[in-house]
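Participant: Mind having a look at this structure? Questions to follow.
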Amino acid sequence: MMKKPEHFKEKPLVEKQVSGKQLNRRNFIAFGAFAGLSAVGYGGWRALMKAPLEKPGITAGRSVPLRRALNQNELFMRRLFSRNHLVKTYPVNMAAKNVRYNSDVGIAGKFNPADWKLNVKKKNGQTVSFTFDDIKKLPKTDIVFDFKCVEGWDQIQHWGGVKFIDFLEHMGLHDQTDAGYVGMMTPDKQYYVGIDMPSAIHPQTILAYEMNGQPMPVEHGYPLRLIIPVKYGIKNLKRIGEITFSNTRPPDYWAELGYDYYSGL
Amino acid sequence: MKIREKHTLAMRWFHWLNFPLLLIMIWSGMLIYWGNDTYTITVFGHQFFKFFPEGFNKFFNIPSRLSEGMAYHFLFMWFFAINGVAYVLYTLISGEWRKLVPHRSSFKEAWLVLLHDLHIRKTAPPQGKYNAAQRIAYSAIIVMGLGSLVTGVAIYKPVQLNWVVWLCGGYHFARILHFALTIGYVFFFVIHIVQVILAGWNNFRAVISGFEIVKNETEVLTPETTNDEKA
């Protein structure tokens, strides 16, 4: 066996002679402190478990301290985010043919595509409307990326549409990007999301109308849905009916059900 | 009576803080996992085990608590990380790492320790504060903790920290690693508890009071020298 280098040598443990009284005293203090701190720890945990629920508003369903932690995490993580952080993209042939979807909240009812239009509410209250043809005229962008569901599954998917930032620029809405947030809602107002502006104008965020190079199926949000690869699937609103801009957080379906408002990746 | 100062106050703190923190991380992690439980042990197409059977799920009232699990997980991850980093810094600065890091000989010795623990071999190899098996286990758990933090961050912010995802071999693999490490903690925990019970009260008390009583006063503890002189 090789001799160990000097710095690797373990110092022997210190030994000393003590009286029984000293011993009991040390044990008493140590176990007392241990029991006391365990009780404090347990009490803290119980208090957290039983903390009052937040006042329902833009977010709801979480206890006050847990919601505060989620919001603080957001403030911290947003500093690491920029439009230069691109989502990994894949070759088209890796995209799933059977594209998974989870929910039909907001797109469940009867729907006549001919009635559809996109209403954009500007900060000054003015509303501008666009038809499907208006949007299809804009430069098209395709993206093949790993779609991530908050439940834990992910799937490589291929979407096509117009970059949200391109849409804003072409439609003369670029001045709206100085708002803090974008809100989007289905025509039936059943599903709605709030997106922070940096994520909304991220170069990979698109208003999608194609899936696997084909017109998008109804269950995936026809005619126009949000594909925002920097967020979990819950933020990828299907069948956008209305877009709003604001400096406060717009309503968000899942944030009202206890989920993190940011839900960024 | 003669005592031996075994665990410093700082070491005891790190240990006992980590215990509930790890439990909370495992518990809230399970709530998240149940959002889409898919992992199984399948060999040649035969499924031997599914993590976790339906009854387990019902017993712990786990379904539909995904958002709750995420909220707890993303709060306590900070404390888990801080405690782990502080522990590592402490062992580095105090020199305690010398008692923990495995030696070249530890892997061979650990086998002898195992044989001794199983009552197959009468004598255990000489040891310092920790025996060879403990050195490996306690160092491995630190590496595992680091692994959980890194893979966790990869799953948490795969866009903002995409180089971490790359380090972990992709988003999918990071998730599997993160999950496998959790199963590893459960194994560690079970073995650790059994060992603590077998080691007895004197050993257990040292993790609360810091000292152990030297039972055989003629016994001389000269940890590293015993090893080296043999060599």
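Participant: Evaluate the charge dipole of region A:122-261 about its Cα centre and quote only its size in Debye, nearest 20, assuming +1 on the Cβ of each Lys and Arg and -1 on the Cβ of each Asp and Glu.
Facilitator: 180 debye
Participant: Would you tell me the accessible area of A:M94, worked out with a 1.4 angstrom probe on the heavy atoms of the protein chains, in Å² to the nearest 10?
Facilitator: Answer for A:M94: close to 100 Å² accessible.
Participant: With just the Cα atoms defining each centre, how far is region B:128-175 from region A:210-265? Give it in Å.
Facilitator: 32 Å
Participant: Where in region B:1-28 does the amide nitrogen come within less than 16 Å of the point 7 Å from the Cα of A:M49, taken along Cα to Cβ?
Facilitator: The answer is B:20-28, whose backbone nitrogens lie closer than 16 Å to the label point.
Participant: Sorted by accessible area (1.4 Å probe), largest first, how do B:L149, A:L53, B:L23, B:L161 line up?
Facilitator: I get A:L53, B:L23, B:L149, B:L161, largest accessible area first.
Participant: With every protein chain left in place and a probe of 1.4 Å, what is the accessible surface of B:W16, to the nearest 10 Å²?
Facilitator: Result for B:W16: roughly 60 Å² accessible.
Participant: Something else about it: What list of ³J(HN,Hα) couplings, whole Hz, do you get for region B:87-99 from phi and the Karplus terms 6.51, -1.76, 1.60, once you set θ to phi - 60° and write x for glycine and proline?
Facilitator: So the Karplus estimates, Gly and Pro as x, are 4, 5, 4, 4, 5, 5, 6, 6, x, 4, 4, 4, 7 Hz.
Participant: Separate question: Beyond 41 Å, how much of the Cα-Cα pair distribution for the protein assembly as shown remains, as a whole percent?
Facilitator: 36 percent
Participant: Compute the helix-to-body angle for A:64-78: its Cα long axis versus the longest principal axis of chain A, expressed 0 to 90° and rounded to tens.
Facilitator: 70 degrees
Participant: Given Cβ point charges of +1 (Lys, Arg) and -1 (Asp, Glu) and nothing else, what value in debye, to the nearest 20, does the dipole of region B:79-202 about its Cα centre take?
Facilitator: Its charge dipole is roughly 240 debye.
Participant: Describe numerically, in nm with one decimal, the distance between label points set 7 Å from Cα along Cα→Cβ at B:F107 and at B:M144.
Facilitator: Taking the simple label geometry, B:F107 and B:M144 are separated by 1.9 nm.
Participant: Can you find, among A:Y222, A:Q155, A:A179, the residue sitting farthest towards the positive end of the charge dipole of region A:141-265, where Lys and Arg contribute +1 and Asp and Glu -1 at Cβ?
Facilitator: A:Y222
Participant: Oh, and also: How large is log10 I(q)/I(0) at q = 0.13, 0.23 Å⁻¹ when the Debye formula is applied to the Cα atoms of region B:97-159, each weighted equally and without solvent?
Facilitator: Results for region B:97-159 at q = 0.13, 0.23 Å⁻¹ read -0.46, -0.87.
Participant: Next question, about the same structure. Mind checking B:155-167 for the average number of partner chain beta-carbons within 10 Å of each residue's beta-carbon?
Facilitator: 5
Participant: Quick one: putting +1 on the C-beta of Lys and Arg, -1 on the C-beta of Asp and Glu, what dipole do you get for the protein assembly as shown around its Cα centre, in Debye to the nearest 20?
Facilitator: Dipole magnitude for the protein assembly as shown comes out near 1260 debye.
Participant: With the crude spin-label approximation of a point 7 Å out along Cα→Cβ, what separation in nm comes out for A:K136 versus A:K110?
Facilitator: About 2.5 nm, to one decimal.
Participant: Quick one: angle between helix A:20-49 and the longest Cα principal axis of chain A, in degrees between 0 and 90, rounded to 10, please.
Facilitator: Compared with the principal axis, the helix lies near 10 degrees.
Participant: How far apart, in nm, are the 7 Å Cα→Cβ label points at B:I213 and A:V128?
Facilitator: 8.4 nm
Participant: Would you mind checking A:K50/A:K122; A:K123/A:K238; B:K99/B:K215; A:K117/B:K157; A:K140/A:K235; A:K50/A:K88 for any pair whose Cα atoms are more than 31 angstrom apart?
Facilitator: Beyond 31 Å: A:K50/A:K122; A:K117/B:K157; A:K50/A:K88.
Participant: Arrange the residues B:W166, B:W34 by how much accessible surface each exposes, largest first, with a 1.4 angstrom probe.
Facilitator: Sorted descending by solvent-accessible area, the residues read B:W166, B:W34.
Participant: Kindly list the residues of region B:1-19 that lie in the label zone of A:K21, defined by a backbone N under 19 Å from the point 7 Å along the Cα-to-C-beta vector.
Facilitator: The answer is B:1-3, whose backbone nitrogens lie closer than 19 Å to the label point.
Participant: Using only atoms on other chains, find how many Cβ atoms lie within 10 Å of each Cβ of peptide A:145-152 and report the average.
Facilitator: Across A:145-152, the average partner-chain Cβ count within 10 Å equals 5.
Participant: Also, quick follow-up: Tabulate in residue order the Karplus-calculated ³J(HN,Hα) for region A:147-163, using 6.51 cos²θ - 1.76 cosθ + 1.60 with θ = phi - 60°, rounded to whole Hz; enter x for Gly and Pro.
Facilitator: Taking θ as phi minus 60°, the curve returns 6, 10, 8, 4, 5, x, 8, 9, 7, 6, 10, 10, 10, x, x, 10, 4 Hz for region A:147-163.
Participant: Suppose accessible area is computed on protein heavy atoms with a 1.4 Å probe; arrange A:F145, A:F76, B:F188 from highest to lowest.
Facilitator: Greatest to least solvent exposure: A:F76, B:F188, A:F145.
Participant: Over the heavy atoms of B:F107, what accessible area does a 1.4 Å probe trace out, to the nearest 10 Å²?
Facilitator: 130 Å²
Participant: Once amide H atoms are placed 1.01 Å from N in the peptide plane, what residues at a sequence separation of 5 or more from A:S63, or on another chain, have their amide H within under 5 Å of its amide H?
Facilitator: A:E54
Participant: Would you be so kind as to identify which of A:M94, B:F80, A:S246 lies farthest towards the positive end of the dipole of the protein assembly as shown, taking Lys and Arg as +1 and Asp and Glu as -1 on Cβ and the Cα centre as origin?
Facilitator: Going by the charge dipole, the pick is B:F80.
Participant: Something else about it: Given a Förster distance of 56 Å, report the FRET efficiency between A:N119 and A:Q72 from their Cβ-Cβ distance, rounded to the nearest 0.05.
Facilitator: Step by step, r from the Cβ atoms, then E = 0.95.
Participant: For an R0 of 25 angstrom, estimate the FRET efficiency from the Cβ-Cβ distance between B:W78 and B:I26 and round to the nearest 0.05.
Facilitator: 0.95
Participant: What translational diffusion coefficient, to the nearest whole µm²/s, does region B:92-133 have by Stokes-Einstein, given a Kirkwood radius computed over alpha-carbon pairs, a temperature of 4 °C and 1.567 mPa s viscosity?
Facilitator: 119 µm²/s
Participant: Can you give the FRET efficiency to the nearest 0.05 for A:L80 and A:E256, using r as the Cβ-Cβ distance and R₀ = 25 Å?
Facilitator: Step by step, r from the Cβ atoms, then E = 0.40.
The values are calculated or read from the model by the stated rules, or taken from the named source; none is laboratory data. As the structure is a prediction and not an experimental result, all values here were calculated from the model. Backbone-built Cβ (ideal geometry, glycine too); neighbour counts: all protein chains shown. Please note that ligands, DNA and RNA were not included when accessible areas were found on the heavy atoms of the full protein model with its side chains. Shrake-Rupley method; radii C 1.70, N 1.55, O 1.52, S 1.80 Å.
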